[in-house]
1. For the condition β-branched (Val, Ile, Thr), within 22 Å of SER169 (Cα to Cα) and within 11 Å of the ligand (Cβ to nearest atom), what is the one hit in ILE23, ILE88?
2. For segment 131-145, state whether one or more residues are within 16 Å of the ligand (Cβ to nearest atom) and either in a loop (DSSP other than H, G, I, E, B) or farther than 20 Å from HIS49 by Cα (or both).
3. Evaluate the following for VAL205: is it in a strand (DSSP E or B), away from the ligand (no atom under 16 Å from the Cβ) and either at pLDDT below 95 or surrounded by 22 or more Cβ atoms within 10 Å (Cβ to Cβ) (or both)?
4. Assess whether ARG223 counts as being in contact (Cβ under 8 Å) with a residue 60 or more places away in the chain, crowded, with 21+ Cβ neighbours inside 10 Å, within 16 Å of the ligand (Cβ to nearest atom) and more than 26 Å from SER293 (Cα to Cα).
5. Out of segment 186-202, which residues are in a loop (DSSP other than H, G, I, E, B), surrounded by 17 or more Cβ atoms within 10 Å (Cβ to Cβ) and away from the ligand (no atom under 12 Å from the Cβ)?
6. Taking PRO47 as the residue in question, decide whether it is modelled with pLDDT under 95 and within 16 Å of the ligand (Cβ to nearest atom).
7. Return the residues of segment 282-305 that are touching a helix residue (DSSP H, G or I) at 6+ places or on another chain (Cβ under 7 Å), surrounded by 16 or more Cβ atoms within 10 Å (Cβ to Cβ) and over 28 Å from GLU227 (Cα atoms); say none if nothing qualifies.
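The values are calculated or read from the model by the stated rules, or taken from the named source; none is laboratory data. This structure is a prediction, so every number in the text was calculated from the model and none was measured. Please note: Cβ atoms are built from the backbone with ideal geometry, for glycine as well, and neighbour counts cover all protein chains shown.
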Amino acid sequence: MAEESQKWVLMVTAQTPTNIAVIKYWGKRDETLILPVNDSISVTLDPEHLCTTTTVSVSPAFDQDRMWLNGKEISLSGGRFQSCLREIRSRATDVHDKEKGIKITKKDWEKLNVHIASYNNFPTAAGLASSAAGFACLVFALSKLMNANEDHSQLSAIARRGSGSACRSLYGGFVKWIMGKDEKGTDSLAVQLADEKHWDELVIVIAVVSSQQKETSSTTGMRDTVETSLLLQHRAKEVVPKRILKMEEAIKNRDFASFAQLACTDSNQFHAVCLDTCPPIFYMNDTSHRQASFLNLIISLVEKWNRAAGTPQVAYTFDAGPNAVLIARNRETAALLVQKLLFCFPPKSDADLNSFVLGDKSILKDAG
Ligand code: DP6
């Protein structure tokens, strides 16, 4: 290490977007390694919005690993953070920053501590996959800092140890998380099905109905589902494998009708599986009455619109929180969709409107 070692700090900043599953991951066959019961497919959002920015730094002056999320220190003692840190540390290689005169050898990394500062530009744990962007970003930034020469797929397998859905955020565009067969998890990783340019007329509109933390975390919810739901077993073995093949075809051919039909059906089955859990999980209704009716009305609005048009115009998908993700077939449809949403659910006051359109992705905030 460099002379006067107490004085130097080396840092790396990375930015990672979140992803939205269109064929859902729900259920683990191994909780420690985070191995899923089925494959899943997601769309990664525009990197400029709904993303996590993480700065990781290392210095001999740091006496322990520490982390801050949105400015507040959080504990790193959880097994998930420790797994990611351990996996990247074990792959660390020599780093030589000539400008700063810093030399860190593979051996030094075992003794050095890191500080991590992470910031989400969207509500944490409100069902908007904050852990997906968070762990993907953490693993990516650490791999750069420690010069771990792994490709994106290998990094995705490490990010998976932080949060399952995080493995899909290592890539842009359309991404598949292959569940893998190996019980050690070496083949449970993400691959890119198509890059972000492949189907760029799609527009994702997110109605952030509630930015409050969800009642049941995905981890606890999934555990209960695996233990109690027969419907999950049917879904994982019989339904999802066929759906994955059809979804890959739909993405490859930019076939919006199939894409929308598969995404909506899969979202509905995911929530049916949650209801089939003992005790039942109500992700869509676990909110105020007004907000719950808003979510249900969005489904009927989209269903009616699609039926009247003769072919799907918009797809909906709902994750583990009271927010609606709507995917419009193109920009014109997206504009119409936002108009319809505002007409059907007028904001209570100006302050409520809080709606903004960002590049190709529109976000309608605080609708209820
Ligand atoms: C409903 O990845 O948050 O969003 O692996 O326990 O951290 P853990 O769960 P997480 O679950 C995401 C579930 C989902 C569906 C999906 O993203 O595929």
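1. The conditions single out ILE23.
2. no
3. Values: in a strand (DSSP E or B): yes; away from the ligand (no atom under 16 Å from the Cβ): yes; either at pLDDT below 95 or surrounded by 22 or more Cβ atoms within 10 Å (Cβ to Cβ) (or both): yes.
Spelling it out, VAL205 is indeed in a strand (DSSP E or B), away from the ligand (no atom under 16 Å from the Cβ) and either at pLDDT below 95 or surrounded by 22 or more Cβ atoms within 10 Å (Cβ to Cβ) (or both).
4. In short, no.
5. Going residue by residue through segment 186-202, those that are in a loop (DSSP other than H, G, I, E, B) are 186-188, 195-202.
Checking which are surrounded by 17 or more Cβ atoms within 10 Å (Cβ to Cβ) leaves us with 188, 196, 199, 202.
The answer is GLU196, TRP199, LEU202.
6. Details: modelled with pLDDT under 95: yes; within 16 Å of the ligand (Cβ to nearest atom): no.
No: the conditions fail for PRO47.
7. The one that is touching a helix residue (DSSP H, G or I) at 6+ places or on another chain (Cβ under 7 Å), surrounded by 16 or more Cβ atoms within 10 Å (Cβ to Cβ) and over 28 Å from GLU227 (Cα atoms): LEU301.
For every residue, the table says whether it meets (1) out of contact with any Ser or Thr (no Cβ under 7 Å at 6 or more places or on another chain); (2) charged (D, E, K, R); (3) at pLDDT 90 or above.
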site	(1), (2), (3)
SER5	yes, no, no
THR13	no, no, yes
THR16	no, no, yes
LYS28	yes, yes, yes
GLU31	yes, yes, yes
VAL56	yes, no, yes
ASP65	yes, yes, yes
PHE81	yes, no, yes
THR93	yes, no, yes
